[in-house]
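Since the structure comes first, as structure tokens, the remarks are kept for the end.
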Amino acid sequence: MLPTNRGRPQQRPPPPRSWSFLSEMVDFSDPKRRPRYLTKLVMAALLTAMCVLMLTQPPCHRRASPSFSTRQPGVTHVLLTGGAGYIGSHAALRLLKDSFRVTIVDNLSRGNIGAIKVLQNLFPEPGRLQFIQADLGDPKAVNRIFAENAFDAVMHFAAVAYVGESTLEPLRYYHNITANTLVVLEAMATHNVKTLIYSSTCATYGEPDKMPITEETPQFPINPYGKAKKMAEDIILDFSKSKKADMAVMILRYFNVIGSDPEGRLGEAPRPELREHGRISGACFDAALGIIPGLKVKGTDYETPDGTCVRDYIDVTDLVDAHVKALNKAERGRVGIYNVGTGKGRSVKEFVEACKKATGVDIKVDYFPRRPGDYAEVYSDPAKINRELNWTAQHTDLHESLRVAWTWQKAHRSGYEPPQAMIL
């Protein structure tokens, strides 16, 4: 907060001295002095323009260090789009722990620079992690990133991802998800990067007639978010079938993500203006912290046992493990599509009770009509990923996942603290 002088007697400032720059700027009566004014004005304009240019220069226009621009035997360099976000940052943490080289590209429209700072502090060694602030909707910037870095694989997380918001801003979702995925694929093709792990969603299935959902369940998405993701999947699959592609593709369709890093280093911190559209866990925690007066449950007349939506809640630690296993199993010329879930559905009312227990707060709950684009029941059959990738969800205790996430939320009531300025 800026200091104030409220309540103090104000001293009258001394009259301006004749040599001050301000006096010279306004005194044009003497023609002999006019060139000095013009010279100073021109210099000030030039300096201002240079400062603006430097401040607005996007980081992606800075060349990568040699360790990122050349391949090193035994080291896999992964481009992680959306790596400043909730799931992406947890994926970056796991990859770095497993000795991968990681480049994060994020425009920070939804991600947190604080998460990047945490990762940089944990892995400060040269050649481990670099962060590039860039927008995937800018093909020239994306192409330059690929040209200046030697990527072995891409994990594509970057996306806007709120069902309710997608019904309000559908064009934004088609641009951000579908069109940006096309930009990434084109850059991969141009620069011969052959492995893609794509972050998709169960929303591509829509509202199936039969549960649980398998990978063969027909895809009929009912909201722009799910439709945009399915379009992106279709583009990826069509390209992978072309002879010149020869790609290793893994598509992971995951369900409702909860939890946070068990060691308390990372968590979920959506922007305040997005809380209305965010995950139910975030709303529960906001209500427990007193940030909002209570929890709004939308929809109590679904054809489910208690009338509220039923969802499959997957812990972020398990989800990230699935991505790493998919990366390790990816093979050129092969496409793998997997549901990532626990195989067990929980109702919203069950979730709220677990959240009350985890936080120790008797959260006030108000019930409202259904949210546009939502569906009644969805949970996975994870048999295929269990069988082919040897992956099984380990963190299936809903209360424990919420307790871990709550621990981070209590310690970070305002999300990530603003870090010091970084030069990348």
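Could you check, for segment 278-298, whether at least one of its residues is among the acidic types (Asp, Glu), more than 18 Å from Ala203 (Cα to Cα) and buried (at least 22 other Cβ atoms within 10 Å of the Cβ)? Before you say what the answer is, go through the steps one by one.
Taking segment 278-298 and keeping what is among the acidic types (Asp, Glu), we get 286.
Adding the requirement that they be more than 18 Å from Ala203 (Cα to Cα) leaves 286.
Okay, now just the ones that are also buried (at least 22 other Cβ atoms within 10 Å of the Cβ), so none.
No, the conditions are met nowhere in segment 278-298.
Condition test on Ile236, is it more than 22 Å from Ala84 (Cβ to Cβ), modelled with pLDDT under 90 and buried (at least 18 other Cβ atoms within 10 Å of the Cβ)?
Details: more than 22 Å from Ala84 (Cβ to Cβ): yes; modelled with pLDDT under 90: no; buried (at least 18 other Cβ atoms within 10 Å of the Cβ): yes.
Considered against the rule, which asks whether it is more than 22 Å from Ala84 (Cβ to Cβ), modelled with pLDDT under 90 and buried (at least 18 other Cβ atoms within 10 Å of the Cβ), Ile236 comes out as no.
What residue, of Ile116, Ile145, is within 29 Å of Phe255 (Cβ to Cβ) and at pLDDT 95 or above? Talk me through it step by step, then tell me what you get.
Working: Ile145 fails: within 29 Å of Phe255 (Cβ to Cβ).
Answer to the check: Ile116.
Among the residues of segment 307-314, is there at least one that is over 24 Å from Gly259 (Cα atoms) and surrounded by fewer than 22 Cβ atoms within 10 Å (Cβ to Cβ)? I'd like the intermediate steps shown before the answer.
Taking segment 307-314 first, the residues over 24 Å from Gly259 (Cα atoms) are 307.
When the remaining residues are screened for being surrounded by fewer than 22 Cβ atoms within 10 Å (Cβ to Cβ), the result is 307.
Yes - at least one qualifying residue is present in segment 307-314.
Looking at segment 363-388, I want the residues that are over 24 Å from Tyr225 (Cβ atoms) and have a partner that is not aliphatic (A, V, I, L, M) with Cβ atoms under 6 Å, at least 6 apart or on another chain. Which pairs are those?
If the second residue must be not aliphatic (A, V, I, L, M), the pairs left are Ile363/Lys356; Lys364/Gly294; Asp366/Gly294; Asp366/Lys296; Asn386/Thr392.
Scan segment 241-260 and report the pairs whose first residue is closer than 17 Å to Leu185 by Cβ and whose second residue is open to solvent by 10 Å² or more (accessible area, probe 1.4 Å) and aromatic (Phe, Trp, Tyr), with Cβ atoms within less than 7 Å and a gap of 6+ or a chain change.
Ala245/Phe239
With the requirement that a residue be in a loop (DSSP other than H, G, I, E, B) and hydrophobic (A, V, I, L, M, F, W, C), what does segment 214-223 give you? Steps first, please.
Taking segment 214-223 as the starting set, the residues that turn out to be in a loop (DSSP other than H, G, I, E, B) are 214-219, 221-223.
The one that is in a loop (DSSP other than H, G, I, E, B) and hydrophobic (A, V, I, L, M, F, W, C): Ile222.
Of everything in segment 153-181, what is touching a Lys or Arg at 6+ places or on another chain (Cβ under 7 Å) and at pLDDT 95 or above? Give them in sequence order.
Narrowing segment 153-181 to residues touching a Lys or Arg at 6+ places or on another chain (Cβ under 7 Å): 160, 164, 177.
Correct list: Val160, Ile177.
Just to be sure before I move on: is Ala232 in contact (Cβ under 8 Å) with a residue 40 or more places away in the chain, among the hydrophobic types (A, V, I, L, M, F, W, C) and either in contact with a Gly (Cβ under 7 Å, 6 or more places away or on another chain) or more than 22 Å from Val320 (Cα to Cα) (or both) in the structure I sent?
Working: in contact (Cβ under 8 Å) with a residue 40 or more places away in the chain: yes; among the hydrophobic types (A, V, I, L, M, F, W, C): yes; either in contact with a Gly (Cβ under 7 Å, 6 or more places away or on another chain) or more than 22 Å from Val320 (Cα to Cα) (or both): no.
It is false that Ala232 is in contact (Cβ under 8 Å) with a residue 40 or more places away in the chain, among the hydrophobic types (A, V, I, L, M, F, W, C) and either in contact with a Gly (Cβ under 7 Å, 6 or more places away or on another chain) or more than 22 Å from Val320 (Cα to Cα) (or both).
So which of Tyr198, Tyr162, Tyr205 ends up being touching a residue at least 12 places away in the same chain (Cβ under 8 Å), in contact with a Leu (Cβ under 8 Å, 6 or more places away or on another chain), open to solvent by less than 20 Å² (accessible area, probe 1.4 Å) and not basic (Lys, Arg)?
Working: Tyr162 fails: open to solvent by less than 20 Å² (accessible area, probe 1.4 Å); Tyr205 fails: in contact with a Leu (Cβ under 8 Å, 6 or more places away or on another chain).
It is Tyr198.
I'm trying to understand the selection: among the residues of segment 213-226, which are in contact (Cβ under 8 Å) with a residue 40 or more places away in the chain, closer than 23 Å to Arg371 by Cα and open to solvent by 10 Å² or more (accessible area, probe 1.4 Å)? So that I can check it myself, show each step before the final result.
Restricting attention to segment 213-226, the residues satisfying the condition of being in contact (Cβ under 8 Å) with a residue 40 or more places away in the chain are 213-215, 222-226.
Subsequent filtering for residues that are closer than 23 Å to Arg371 by Cα retains 213, 222-226.
Answer for segment 213-226, where residues must be in contact (Cβ under 8 Å) with a residue 40 or more places away in the chain, closer than 23 Å to Arg371 by Cα and open to solvent by 10 Å² or more (accessible area, probe 1.4 Å): Ile222, Pro224, Tyr225.
Listed residues Asn107, Asn112, Asn143; which is within 19 Å of the chain's Cα centre (by Cα), of a type outside the set (Phe, Trp, Tyr), open to solvent by 50 Å² or more (accessible area, probe 1.4 Å) and closer than 27 Å to Ala232 by Cα?
Working: Asn112 fails: open to solvent by 50 Å² or more (accessible area, probe 1.4 Å); Asn143 fails: within 19 Å of the chain's Cα centre (by Cα).
Unique residue meeting the criteria: Asn107.
Looking at Ile337, is it free of Cβ contacts under 8 Å to residues at least 24 places away in the same chain, open to solvent by 10 Å² or more (accessible area, probe 1.4 Å) and among the hydrophobic types (A, V, I, L, M, F, W, C)? Outline the logic, then answer.
On the way: free of Cβ contacts under 8 Å to residues at least 24 places away in the same chain: no; open to solvent by 10 Å² or more (accessible area, probe 1.4 Å): yes; among the hydrophobic types (A, V, I, L, M, F, W, C): yes.
Judged against the criteria, Ile337 is not a match.
The values are calculated or read from the model by the stated rules, or taken from the named source; none is laboratory data. Everything numeric in this text was worked out from a predicted model, so none of it was measured. Cβ coordinates were reconstructed from backbone atoms using ideal geometry, including for glycine residues, and neighbour counts include every protein chain displayed. The accessibility values were calculated without ligands, DNA or RNA, using every heavy atom of the protein model including side chains. Shrake-Rupley method; radii C 1.70, N 1.55, O 1.52, S 1.80 Å.
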